[in-house]
Amino acid sequence: MEEATLKKKLTPQEYAILRQGKTERPFTGEYVAHKETGDYRCKVCNTSLFPSDTKFDSGTGWPSFTNPSNTQAITLFPDTTQGMERIEVRCKKCNSHLGHVFPDGPQGKQRYCINSACLTFQKKKEE
């Protein structure tokens, strides 16, 4: 999708986060306390990113996950902006910024700290 089309499709905040690598304020995102069963997907390209059963409350103010749906759906990049050494998480399909990953998740797992503005949610269908 072209950048001009994305600017029209996304809110200014979503565009700033997804395409310019900004971060939403903690505890303001739609999915911080979200608990439904389903699949968190990329807001730009609808790629499946994180299953709800890997979501946990990290207390940081952003949705946090221990594992992606598929490691092939994301790419990781070194990020040394803002005087910190972090690892940025991007959607592999559309190269949108999603958040960062840290080594401080539960039980020694990773903590994928993702901006709500980067996500949509697909509720699990009743069986």
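The values are calculated or read from the model by the stated rules, or taken from the named source; none is laboratory data. Quick caveat, the model's predicted, so the values are computed rather than measured. Glycine also receives a Cβ, built like all others from the backbone with ideal geometry; neighbour counts cover every protein chain displayed.
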Exercise. Does the range 22-36 include one or more residues that are at pLDDT 95 or above, under 21 Å from Lys124 (Cα atoms), in a loop (DSSP other than H, G, I, E, B) and of a type in the set (S, T, N, Q)?
Worked result: no
Problem set entry | Among (1) touching a helix residue (DSSP H, G or I) at 6+ places or on another chain (Cβ under 7 Å); (2) more than 15 Å from Cys91 (Cβ to Cβ); (3) crowded, with 20+ Cβ neighbours inside 10 Å, the one test that Lys43 misses | (2)
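Does Tyr15 qualify as being at pLDDT 95 or above, buried (at least 20 other Cβ atoms within 10 Å of the Cβ) and either in contact with a Lys or Arg (Cβ under 9 Å, 6 or more places away or on another chain) or under 27 Å from Thr5 (Cα atoms) (or both)? So that I can check it myself, show each step before the final result.
On the way: at pLDDT 95 or above: yes; buried (at least 20 other Cβ atoms within 10 Å of the Cβ): no; either in contact with a Lys or Arg (Cβ under 9 Å, 6 or more places away or on another chain) or under 27 Å from Thr5 (Cα atoms) (or both): yes.
In short, no.
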For this session: Show the residue pairs that are 6+ apart or on different chains and have beta-carbon atoms under 6 Å apart, the first residue being within the range 101-127 and on the phi < 0 side of the Ramachandran plot and touching a residue at least 60 places away in the same chain (Cβ under 8 Å), the second being surrounded by 12 or more Cβ atoms within 10 Å (Cβ to Cβ) and of a type in the set (Gly, Ala, Ser).
Result: Ile114/Gly99; Asn115/Gly99; Ser116/Gly29; Phe121/Gly38; Gln122/Gly38; Lys123/Gly38; Lys124/Gly38
Exercise. Got a number for residues in the range 53-107 being under 13 Å from the mean Cα position of the chain (by Cα), under 21 Å from Tyr15 (Cα atoms) and of a type in the set (Lys, Arg)?
Worked result: 2
